[in-house]
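K.L.:
Can you keep this structure in mind? I'll have questions shortly.
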Amino acid sequence: MAEVDGQHKSHGMGLHEEQLTGRTQQIFFSPEESDNFLYPESFEVDLDNKAEFDAGDMEISAINLKIRALMQAGHGHIVVKNPLAKHSLGVGILNRLKLEFEGSLGYFGCGLIDGPNVTVHGRVGWSFAENMMAGVAVVEKNAGSTFGAAIRGGDLVCKGDVGSRTGIDQKGGTVIVGGRSGAFSGFMMQRGRMIILGDAGINLGDSMYDGTIYVGGKIESLGVDAVPGEISDLEADWIERKLSAHGLSAPNGVKSLQKIVAGKKLWNYDNLEPTEKKIVL
Amino acid sequence: MCGIAGLIHRDGSADIGGEMTSMLQALKHRGPDSSGFALYGEPQNDDYMLRFKVAEQEEMAHGFDIHAEVKKRKAIVDERIQSSGASIVEEQDATEYAFRYRVRFSNGDANQDKLKRFADYIEDIEGAEILSMGRALELIKDLGDATRVSDQYHLGTFKGTHAIGHTRMATESDVDIRSAHPYWAYPFSDIAVVHNGQLTNYWGFRRELERRGHRFMSNCDSELIAVYLADRMSDGMKLKDAMELSVSELDGVFTYLVATADSLGMAKDTMAAKPLVLYESDNFIGVASEEVAIRSIFRDEIDTWDPYEGEVMVWQK
């Protein structure tokens, strides 16, 4: 019964627009595969064990190796000072970790992460947290284009403005933008949620397959097959709680947010696995 | 790829040669083929700064006669400057094939038509290309990374108010000086352009602009932007208006910077597919393809942001 209630609840929130029937989409872990719960070479860390270092004169690979070495030594809270907008910092972290950057990051920061809680006390360049699987990543200032490209899970937050193509190819998780988001935000979005508290640029949600976008400000224009939807009370409650968790709020209340979903006129992928397709064909 | 950078000091002259070298060197990974600088110094009297070359760097490694040939070409340039009613006040040879002249026109008068005729006369000499001509602008470009070009042309101590620069990864034209950026907006003195992107209606526009009497020195699509802006301004259009028009008329993905005697501008296409990061304070504006370039001259934390799609901005010094 609890399962049925949960299903109704998730449908009420606009989740599961698409019926998931594929094998790989439904079962990620099973108790029999307990060895798979942890990534190889992930580390046992103590979140109260803090370490910090100055990255100002370090090369990119040396900085990433230093983070890894500190995790290996059991540090669960790492502060990187003076990152100086260098590229590809904090990437590929598959660990519980509290990671702080005291400054700005360049391109491809914190890509391919699964699990850490990241805070950037500055701006990030293009493609921050690309392919993020889980965890929380918060940017205190602005972000460049393709913010959260292809993320699959977790919360990705930018408290300032973001460039174009935010959440391109988003496959899950939640992207939150405190300010404006540029052109083609939500382009080819497949699942997950995006909350833009400011304005959205041209072609919002262009060619989105699924997922939901909420916008607090003006929408310059909608993209192909992106259509308005209605926010349910359940969704409004969820958005309220999600925003407050990150110290944000909708300027005119969550009920005033505009909801954008896929019209599905262009929807051209089905729920079948390749092998199942062969059988059908 | 390709990297572009620009800066403008609003509170007077500064070490722009060293600053632009640092910014471009930080962008070396975006394009190591060539580097170029458009530096704006303090104008002196009514003199014009002339930067020109009489051969490509690559040519210097070929043939027994090229060294004598280069001297011969330079002598013809000198002769034609004199016969155009101008005198060479100051002369520096940064390399065997590229030169920096301070030129004074005898009656102090050098209107647009006269400058165009002068430029055409010089460029009529085999191998000669005027890289820039202006009261403040000095345009330097050559093969190699920014540090190499800066050292070669002694730019580290260049003082001025603003600059734009470029690191090039050649994608659609040759690796040579004529295809390197920045481009001078011939025949307009003191206007230069750098660009990152691809223009997809290059040939159509080029043919149209050639019919209107403009000259192209390369097959690089970036040169089109400089010539396009020159053409629109020759019709009386203001720089910012011409830039805004370019965003709708030029097709493709592009971000470009333009500098004039007293201003710096940026334009971004409507797809916003090419990066640009901006830092603005009361006395300084810095723009670059990546923040790491701006941070090469500001180690302390600063607030930066991305201009949006279709955005055009112009700052005065």
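The values are calculated or read from the model by the stated rules, or taken from the named source; none is laboratory data. Treat the numbers as computed from the prediction; the structure is a model and nothing was measured. In this analysis, Cβ positions are derived from the backbone assuming ideal geometry, glycine residues included, and neighbour counts consider all displayed protein chains.
Quick grid of which residues meet (1) within 10 Å of another protein chain (Cβ to nearest Cβ); (2) among the aliphatic types (A, V, I, L, M); (3) surrounded by fewer than 24 Cβ atoms within 10 Å (Cβ to Cβ):
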residue: A:V175; (1), (2), (3): no, yes, no
residue: A:G182; (1), (2), (3): yes, no, no
residue: A:M188; (1), (2), (3): no, yes, yes
residue: A:R191; (1), (2), (3): no, no, yes
residue: A:I196; (1), (2), (3): no, yes, no
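K.L.:
A further question on this structure: I'm told B:E58 meets every condition in (1) more than 22 Å from the chain's Cα centre (by Cα); (2) in contact (Cβ under 8 Å) with a residue 60 or more places away in the chain; (3) not assigned by TED's automatic domain parsing to the domain that holds B:I177 except one. Can you identify the failing condition by its number?
P.N.:
(1)
K.L.:
Then there is this: Would you mention how many residues in region B:41-95 are modelled with pLDDT of 95 or more and of a type in the set (G, A, S)?
P.N.:
2
K.L.:
So is B:T304 among the β-branched types (V, I, T) and within 11 Å of chain A (Cβ to nearest Cβ) or not?
P.N.:
Criteria met by B:T304.
K.L.:
If you scan region B:173-198, which residues turn out to be hydroxyl-bearing (S, T, Y), farther than 12 Å from B:S34 by Cβ and part of a loop (DSSP other than H, G, I, E, B)?
P.N.:
B:Y186, B:S189
K.L.:
While we're here: Taking B:D47 as the residue in question, decide whether it is surrounded by fewer than 14 Cβ atoms within 10 Å (Cβ to Cβ) and either farther than 23 Å from B:S218 by Cα or without any contact (Cβ under 8 Å) to a residue 24 or more places away in the chain (or both).
P.N.:
no
K.L.:
Let me ask you something else. If B:G127 satisfies all but one of (1) outside the structural domain of B:M23 (by TED's automatic domain parsing); (2) part of a strand (DSSP E or B), what's the number of the condition it fails?
P.N.:
(2)
K.L.:
OK, next. Restricting attention to region A:74-87, and to residues there that are buried (at least 19 other Cβ atoms within 10 Å of the Cβ) and small (G, A, S), which single residue is farthest from the other protein chains (Cβ to nearest Cβ)?
P.N.:
So, considering only residues that are buried (at least 19 other Cβ atoms within 10 Å of the Cβ) and small (G, A, S), the one farthest from the other protein chains (Cβ to nearest Cβ) is A:G76.
K.L.:
Right, next: Return a yes/no flag: does region A:46-58 have any residue that is without any contact (Cβ under 8 Å) to a residue 60 or more places away in the chain and in contact with an Asp or Glu (Cβ under 6 Å, 6 or more places away or on another chain).
P.N.:
For region A:46-58, residues without any contact (Cβ under 8 Å) to a residue 60 or more places away in the chain and in contact with an Asp or Glu (Cβ under 6 Å, 6 or more places away or on another chain): absent.
K.L.:
Quick check on region A:112-131: of everything there that is away from chain B (no Cβ under 14 Å) and buried (at least 21 other Cβ atoms within 10 Å of the Cβ), which residue is nearest to A:D161 (Cα to Cα)?
P.N.:
Taking the candidates together, the pick is A:A129.
K.L.:
Related question: The conditions are (1) away from every other protein chain (no Cβ under 14 Å); (2) closer than 22 Å to A:H87 by Cα, and A:C158 fails exactly one of them. Which is it?
P.N.:
Here A:C158 meets the rest and fails (1).
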